[in-house]
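Single-structure report; data block below.
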Amino acid sequence: MNRTVLLWLAIGWVGFMILPWYVIEDGFWGLQWLWDGYPFDSDYGPAWAHWLEGDKAWLAPVPLFLGLPLLTRGLLKSDANYSKILIFSGLGGLGYMVAQGFTVGISGWESTIFEALFGPTEIRQYGLGYGAMLVAAAFLFFLTQGIAARGAINGDVFVVSSIGFIIAIVGAFIFFPVLQILVSALQDNNGAYSLGVFFTKLSDRKIWGLDCLFTTVDCGAAWNSLFLAIIVGASTTALGLVFALVATRSGFKYRKVLRALTILPIITPPFVIGLSIILLFGLSGVVTQFFAEVFGVQATRWVYGLPGIWIAQMLAYTPIAFLVMIGVVEGISPSMEEAAQTLRADRWKTFTTVSLPLMRPGLANAFLIGFIESMADFGNPLVLGGNFDVLSTEIFFAIVGAQNDQGMAAVLAFVLLCFTLSAFYAQRRWLGRKSYTTVTGKGDSGTHALLPNRLRWPVYTVAFSWTGFTIVVYCMILFGGFVKTWGLDHTFTLQHYITAFSVTWGSEGLQWTGSAWNSFWTTISIATISAPLTAAVGLLTAYILVRQTFAGKDLFEFGTMLSFAIPGTVIGVSYILAFNVPPIELTGTGAILVLCFVFRNMPVGVRAGVAAMSQLDKSLDEASLTLGANSWYTCRKVVLPLLRPAIIAALVYSFVRAMTAISAVIFLVSAEYDMATSYIIGRVENNDYGLAIAYCTVLIFVMLASVLVFQGLVGERKIGRREPEKTDAPAQEQAA
Amino acid sequence: MKFAKLLMTTAIGTVAVLGFGIGTAAAKGKVNLYCSAQEDWCQLMAKGFEKESGITVNMTRRSSGETFAKIKAEAKNPKGDVWWGGTGDPHLQAAEEGLSTPYASPNQANLQGWAVAQSDSAGGNTIGIYSGALGYGYNEDVLKKNNLPVPACWKDLLKPEYKGHVQMANPNSSGTAYTTLATMVQLFGEDAGFEFMKGLHKNINQYTKSGSAPIKAAARGENTIGIVFIHDAVKQAVKGFPIKSVAPCEGTGYEIGSMSLIKGARNLDEAKKFYDWALQADTQSRALEVSAFQVPSNKSAEVSPKAPKLESIKLIKYDFVKYGSSAERKRLLKKWDDEVKSLPK
């Protein structure tokens, strides 16, 4: 019998026989269930005990499906029955578990149909626990193993199970919740379904109005969002490219420092950038007042609206564009550029006809991320938006505002989704079917050409002025944490830090007395757990997307991008709607936060991975496969080491986002699992910026440290390139 | 790699600590408190009750709109027990949608008339815990700098010299701004009330999203006049910002901060204990510790000398039942969108 099948069989039976089938209210890892009546207590029992006690007869078919794979003993993989048995067991088992999970809920029958058929019932079931999880995983594996045995994707078990795994989790944690809320777009106030309601809401002037072109009436949120997202996407991509060029193709001495400074704003906690922009450019801001005085004009509220959001979003999203670009710019093979120069192209021509076109995957992916981030951004428009309404804030207030209209939120989310998916589609068209492969297995030890002169000075100017601006903004933030009331009373104080992070040494040892410690530790652990998971899921998906072809791949890619394109508010509410009731009951746990972050941020891992991987020649994988390695081994030993920049991008991004995300988190935090951002929002709402900033400053240092740790852990990608201008001075001396 | 080990150790350590935290819940029971007041007031309530009763309080703070959305989404399997604080409308909405459950506290006898009226209007599903009058605040320095007269009435705000100097929240997103709209309708009558809103629209420089944002902007000199609850303006002044608050001469509406028991609460007994405790005079007097200048609902609770006196403010007879109902709210908001927001400035 196949050893992996045996392994999964064992896992499945452990789930059925040993672990508690249902979720445990006080937490599994407290392990209290072990000596609290296990296995016959009805709250803690494994599936067989529930079944024996007769209170949950519906679990009986599960072991039947779980036993089926034993029949494959002695069968060869190529045997038609082998795959049939596995597929039947996997599909049947999974299907049964899902159907059963949705039939009986926390208060009896979930559907009125069953109630009518069998009458009201006393039986209850709670959320599925670890036992059910293992069993479901085993079924999933049997299914994919069976499909692979039928010859799908050359019978590659690793690839087929990866695809199956990703489809399953994306289905459970993206499609399932999001559908729950999108459906409400079709519901009227009484919950009845009608298409009319959808179209009335969709054609609202608040969404599509174009009055601002001709009058002083504000434009619709959809146009505002679209325009903002396009300019933010374009400008962050351009800035990201500029910094990537400075970092890789300039003789500039301190480019490492510059590089570190560039990614600083990625770790910007919400609202704080907005406030420092107000203090600089607002009506009473330093810069505005200065210009008003010098030129003798009336100071205006110019920053509120498009300009303010644009500046803030550029600050926030240039780093991620840079992280995507740098991998691509570094990866371009110098030999191609050298070939162009040998053919007498000058540096400018080489850059425009060789280097730049090869950067297209980077440009396209960076633009896409900037575009989507801008669309979904919530904090900056809230602080700086003025009368410039955008979809993300409209969605938030459709749900929590006085109008209290979840249907409207769903319609707006639908519009937003259409925009982001169109951008996604446009990006694919632009990249086309061209090849961007530049990292091959062949000897490739050239050096990158320096920037052409006519490009160098503009690039330097932009890079340095933007860096200067970033430094000013950050210094202001730092300053704000050490004064009594930022913008009013600038006497030095440490009070904010003491309130938030004080530690006392009392009779009971170390006491974390500061008010921020609780949310601080939760945030760090949630971020630490979710970052590697995000990177793993993201890169695995990228590998499948770039390297494998299978039916429905486009749909698959679309599905993985979906969660990113959906605004956080919608994700937050849909997660409560979907995961507050069985079969998957997660609200109030830390797990729901981790899952939310993993699936929100996974697309960045996917994008960074796709951009980097489309540069790697497939012959590298093939060489490894030819030498007898399987695809898992190839992935680990050949592809992953070449993807280090993408891994870092995904890790850093997801870690940081777990610390700075707002709109989804507001709904998912609980008393036990409170996050830094919800603490910060509470203070900002109270106009208590000092405390908020003190917290942010600490977070910034934690994030900086974590970026360094990630870089140290993952290491740099080593592509065989010769060092520029290495002098062989000692050798010459010896010769002399 | 030392960093890596350190990181791992911290991560595992924290997870372990968190795990332990769950295992050692106090024996006297617990209560899940959803709090919609300002952060420090929520902390005070949670810690105060925990200390007096020995019941563990799991407090989560969200704005009243967020809390309502959360309770509604959780309706099938409620995770909260009691909802304390936040403006009355969402509480009334929760009562209307059957998300809360009625309770008559023995402490009800000591409450102000408006607090009991709030409870009666919702069939006992919610109760008033504090109240605050609507008005506006202005930044003295900015006003002087622009040579503007000091406003005293609602109608003053319509004067053309205030163009670009007034800020209020968008009633679609903010309960404060909806109270403003409903107040004008009740104060001047529906037609004249909407005429007022149209005139005001010409002077508005921004409709903010959040209710208290206009006065915060005024505090930082980013705006001149902000229409908010008076106690919010007083709070900025107490912090040291050059803000003066105004109770408009024509009279004004008010909000009733409320408390509700969530239907299907798992810790109903503890929740009721909290409910009774929150209505006590000495509990409500403690609001002053966190400079919350709302008027408490218990007759014997202490009122700050800095707090706006409800007796000296001309209050209208605000019809919470009518203007708190979702049908009337939807109608007024739609009318405001169509007739006011869509006007050129």
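The values are calculated or read from the model by the stated rules, or taken from the named source; none is laboratory data. All of these numbers come straight from a predicted model, not from anything done at the bench. With ideal geometry, Cβ positions are generated from the backbone for all residues, glycine too; neighbour counts draw on all protein chains shown. For the accessible areas, the whole protein counts, side chains as well, though only heavy atoms, and no ligand, DNA or RNA atoms are used. Shrake-Rupley method; radii C 1.70, N 1.55, O 1.52, S 1.80 Å.
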Test: residue in the range B:107-117 that is open to solvent by less than 20 Å² (accessible area, probe 1.4 Å) and in a helix (DSSP H, G or I): yes
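Being open to solvent by less than 70 Å² (accessible area, probe 1.4 Å), among the charged types (D, E, K, R) and more than 9 Å from chain A (Cβ to nearest Cβ) is the filter here, so list the residues in the range B:326-338 that pass it. Walk me through it before giving the result.
As a first pass, look at the range B:326-338 and keep what is open to solvent by less than 70 Å² (accessible area, probe 1.4 Å): B:326, B:328-329, B:332-333, B:335-337.
Still in the running and among the charged types (D, E, K, R): B:328-329, B:335, B:337.
Passing the criteria: B:GLU328, B:LYS335.
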Residue identified as farther than 29 Å from B:LEU288 by Cβ and either facing another protein chain (nearest Cβ under 9 Å) or touching a Phe, Trp or Tyr at 6+ places or on another chain (Cβ under 7 Å) (or both) among B:PRO171, B:PRO248: B:PRO171
Residue that is nearest to the chain's Cα centre (by Cα) [pool: residues in the range A:534-553 that are more than 14 Å from A:CYS635 (Cα to Cα) and open to solvent by 20 Å² or more (accessible area, probe 1.4 Å)]: A:LYS553
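Determine which member of the set B:VAL234, B:VAL238 is open to solvent by 10 Å² or more (accessible area, probe 1.4 Å) and under 27 Å from B:LEU111 (Cα atoms).
Details: B:VAL238 fails: under 27 Å from B:LEU111 (Cα atoms).
The match here is B:VAL234.
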Subset tally (residues that are open to solvent by 10 Å² or more (accessible area, probe 1.4 Å) and free of Cβ contacts under 8 Å to residues at least 24 places away in the same chain) for the range A:383-399: 1
The range A:457-509 - residue that is among the hydroxyl-bearing types (Ser, Thr, Tyr) and within 30 Å of A:PHE243 (Cβ to Cβ) and, of those, surrounded by the most Cβ atoms within 10 Å (Cβ to Cβ): A:TYR474
Selection within the range A:182-211 - modelled with pLDDT of 80 or more and of a type in the set (A, V, I, L, M, F, W, C): A:LEU182, A:VAL183, A:ALA185, A:LEU186, A:LEU195, A:VAL197, A:PHE198, A:PHE199, A:LEU202, A:ILE207, A:TRP208, A:LEU210
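Among the candidates B:LYS216, B:LYS144, B:LYS235, B:LYS202, single out the residue that is out of contact with any Pro (no Cβ under 6 Å at 6 or more places or on another chain), outside any loop (DSSP other than H, G, I, E, B), within 12 Å of another protein chain (Cβ to nearest Cβ) and free of Cβ contacts under 8 Å to residues at least 24 places away in the same chain.
Only one candidate passes the filter, namely B:LYS216.
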Residue tally, condition in contact (Cβ under 8 Å) with a residue 12 or more places away in the chain and part of a helix (DSSP H, G or I), over the range A:1-50: 15
Only listed residue being farther than 23 Å from A:VAL14 by Cα, touching a Leu at 6+ places or on another chain (Cβ under 8 Å) and in a helix (DSSP H, G or I), chosen from A:ILE153, A:ILE167, A:ILE174: A:ILE174
Subset of the range A:668-684 that is within 7 Å of another protein chain (Cβ to nearest Cβ) and in a helix (DSSP H, G or I) - its residue that is farthest from the chain's Cα centre (by Cα): A:ARG683
Subset tally (residues that are β-branched (Val, Ile, Thr), assigned to a helix (DSSP H, G or I) and open to solvent by 10 Å² or more (accessible area, probe 1.4 Å)) for the range A:250-272: 3
Which listed residue is among the β-branched types (Val, Ile, Thr), open to solvent by less than 10 Å² (accessible area, probe 1.4 Å) and outside the structural domain of A:ALA423 (by TED's automatic domain parsing), from A:ILE584, A:ILE571, A:ILE529, A:ILE524: A:ILE571
Residue within the range B:297-314 that is of a type in the set (Asp, Glu), in contact (Cβ under 8 Å) with a residue 60 or more places away in the chain and not in a helix (DSSP H, G or I) present: no
Some residue of the range A:511-533 being under 30 Å from A:TYR22 (Cα atoms) and away from every other protein chain (no Cβ under 12 Å): yes
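Going by what's in this entry, would B:ASP120 be described as free of Cβ contacts under 8 Å to residues at least 12 places away in the same chain, assigned to a helix (DSSP H, G or I) and either touching a Gly at 6+ places or on another chain (Cβ under 8 Å) or not aromatic (Phe, Trp, Tyr) (or both)?
Judged against the criteria, B:ASP120 is a match.
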Residue within the range A:373-382 that is in a helix (DSSP H, G or I) and surrounded by fewer than 24 Cβ atoms within 10 Å (Cβ to Cβ) present: yes
Selection from the range B:221-231 of residues that are crowded, with 24+ Cβ neighbours inside 10 Å and within 7 Å of chain A (Cβ to nearest Cβ): B:GLU222
Residue within the range A:115-129 that is within 28 Å of the chain's Cα centre (by Cα) and not in a loop (DSSP other than H, G, I, E, B) present: yes
Qualifying positions in the range A:400-424 - at the interface with another protein chain (Cβ under 10 Å from one of its Cβ atoms) and either surrounded by fewer than 24 Cβ atoms within 10 Å (Cβ to Cβ) or outside any helix (DSSP H, G or I) (or both): A:GLY401, A:ALA402, A:GLN403, A:ASN404, A:ASP405, A:GLN406
From A:GLY628, A:GLY588, residue being on the phi > 0 side of the Ramachandran plot and away from chain B (no Cβ under 14 Å): A:GLY628
